[in-house]
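Here the structure is laid out as C-alpha cells; the discussion comes afterwards.
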Amino acid sequence: MTFESLIGDFLGYLRVEKKYSGHTCISYQNDLEQFASFCLREMETSGLKDIRHTHVRSWIVWMMSENITPESVNRKISALRSFYKWALKRAYIDKNPTLKIVAPKKSKRLPVIVQDANIGRLLEHTIGPEEVKNPYTVIRDDFIIELLYSTGIRRGELVSLTLSDINIARREIRVVGKGNKVRSIPVTDALMESLKNYLEARSKADIIDQEALLLTDKGKKIYPRLVHTIVSDKLSGVTSLSKKSPHVLRHSFATHMLDRGADLNAIKELLGHANLAATQIYTHNSISKLREAYNKAHPRSADKE
C-alpha cells in the first residue's frame with residue numbers, strides 16, 4: 001500500500017465526516033501529493049509503512065531550502081499530521097512518523113488592516129454616469145464591501161450565503177462557518193440599508209440561481225475569484241496596501257471592534273473562531289495603537305523626554 005493510494009480516501013473523510021470545504025480539501029490534496037512526490041523522487045520511497053520521520057524531516061529541509069515560508073511549511077506539516085492520525089486510527093500504520101517532528105517557528109506578522117480614515121471612502125455608495133447602464137453590479141459590489149466589513153465573515157462564507165440566511169425581521173445573518181458551525185451576526189443600520197438596496201436591484205436582474213444571495217451579472221451564484229477581484233479593485237482606490245484580499249476587511253472588522261472596546265470573546269464568536277488564541281492576534285494591533293497614543297500624550301513617555 002502506497003502513501004499516494006490513500007490520499008483519495010483521506011480527502012473523502014475530510015469532506016464527509018469533517019465537513020471541510022472544497023477549497024480546504026484541495027489544499028490538503030496539494031500538500032500531501034507534494035510530500036508523496038518528494039518521497040518518491042528524493043528518497044525512492046512510496047510505501048506507506050516505509051516512510052519514516054527522517055523522510056519528513058528531509059522534506060521540511062527541502063522546503064526551507066526552496067524559500068517556502070515557515071507559515072506554509074507549518075500548514076503542510078499540519079496536513080501530513082492529520083493524514084497520519086487518520087491512517088493510524090484505521091490501522092493502516094502502527095507508528096506515526098510525524099510525532100517526532102518539530103515545526104519551524106512562525107514569524108509573527110500583524111494582520112493587515114484598512115485604517116479608519118480610509119474606511120469611510122471605501123464604503124461610499126455612488127453610481128457614476130458611466131455605470132448607470134448596469135447599476136446592479138455597482139450596487140452588488142458596494143453591498144459586498146459593506147457586508148464583509150460590517151460582519152467580518154470569510155470569503156467562503158460570503159459566497160455560500162443564501163436568501164434564507166437573511167432574517168430582516170430579526171436583523172440577523174445566519175453564517176455557516178468552518179466545520180459547518182452556524183453563527184448569527186447582527187445587521188447594522190448601514191448594512192440593512194445596503195441590503196435593501198441590493199435586494200431591490202437583485203429583483204430587477206435576470207436571476208438564474210434563485211437561492212444564492214449574491215449573483216454574477218449573469219444571474220448565477222457568485223464565485224470566490226470574483227469576490228477577490230471586487231475587493232481588490234475597491235481597496236486599490238483607497239489604500240496603497242500590498243495585500244488587498246477579502247481577509248483584509250475581516251482583519252479590519254476585528255481590529256476596529258477591539259479598538260472601540262468590544263469584548264474579545266464577543267469578537268471571537270462573531271468571527272467564528274474555534275478558540276480565543278486565534279482572536280488574540282488582533283490585540284497586538286490595538287496595543288500598538290495604545291502605545292502610540294501613550295507616547296504622544298503622556299508626559300513621562302519616551303517621546304516627551
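In this Cβ point-charge picture (+1 for Lys and Arg, -1 for Asp and Glu), segment 4-100 has a dipole of about 460 debye about its Cα centre. The lysine pair tally for segment 4-100, using Cα distances under 24 Å and a gap of 8 or more places or different chains, is 19.
If I take all pairs of Cα atoms in segment 116-294, what percentage of them are more than 30 Å from each other?
Details: 2785 of 15931 pairs.
Result for the distance tail: 17 percent.
Using the Cα atoms as the points, what is the convex hull volume per residue of segment 4-100 in Å³?
94 Å³
Under a Gaussian network description of the chain, with springs only between Cα atoms under 10 Å, the residue in V73, V16, V187 that fluctuates furthest is V16. Think of the chain as a dipole: +1 on every Lys or Arg Cβ, -1 on every Asp or Glu Cβ, centred on the Cα centre; then among L161, I267, T239, I267 lies furthest on the positive end.
In whole Å and largest first, what semi-axes does the C-alpha gyration tensor of segment 141-215 yield when each eigenvalue is scaled by 5 and square-rooted?
Values: eigenvalues 68, 45, 26 Å².
With the √(5λ) rule applied to segment 141-215, the semi-axes are 18, 15, 11 Å.
Divide the volume of the convex hull around the Cα atoms of segment 202-275 by the residue count and you get 152 Å³ per residue.
Mind checking which of T162, T229, T69 has the largest fluctuation in a GNM of the chain, springs on alpha carbons under 10 Å? Result for the chain, Cα springs under 10 Å: T69 fluctuates most.
Using the crude model of +1 on Lys and Arg Cβ and -1 on Asp and Glu Cβ, and no other charge, please compute the dipole size for the chain relative to its Cα centre, in debye to 20.
On the way: 48 positive and 35 negative charges, 220 e Å.
Roughly 1060 debye, rounded to the nearest 20.
Between the beta carbons of K95 and D263, assuming R0 = 45 Å, the FRET efficiency works out to 0.50 to the nearest 0.05. Here the residues T255, T283, ranked from fewest to most Cβ neighbours within 10 Å of their Cβ, fall in the order T283, T255.
Computed with the Debye formula from one identical point scatterer per Cα of the chain, without solvent, the log10 of I(q)/I(0) at q = 0.07 Å⁻¹ comes to -0.38.
In the chain, helices alone account for a calculated mean residue ellipticity at 222 nm of -17000 deg cm²/dmol, with every DSSP H run of four or more residues adding -39,500 (n - 2.57). Extension gain for the segment Q115 to R171, taken as residue separation times 0.36 nm less the Cα-Cα distance, is 17.5 nm to one decimal. Comparing mean-square fluctuations of E211, E33, E66 from a GNM of the chain with C-alpha springs under 10 Å, the top value falls on E66.
Since every read-out is calculated from the coordinates, none of them should be taken as a lab result. These numbers were taken from a predicted model, which means no experiment stands behind them. Here Cβ is always computed from backbone atoms with ideal geometry, including for glycine, and neighbour counts include all displayed protein chains.
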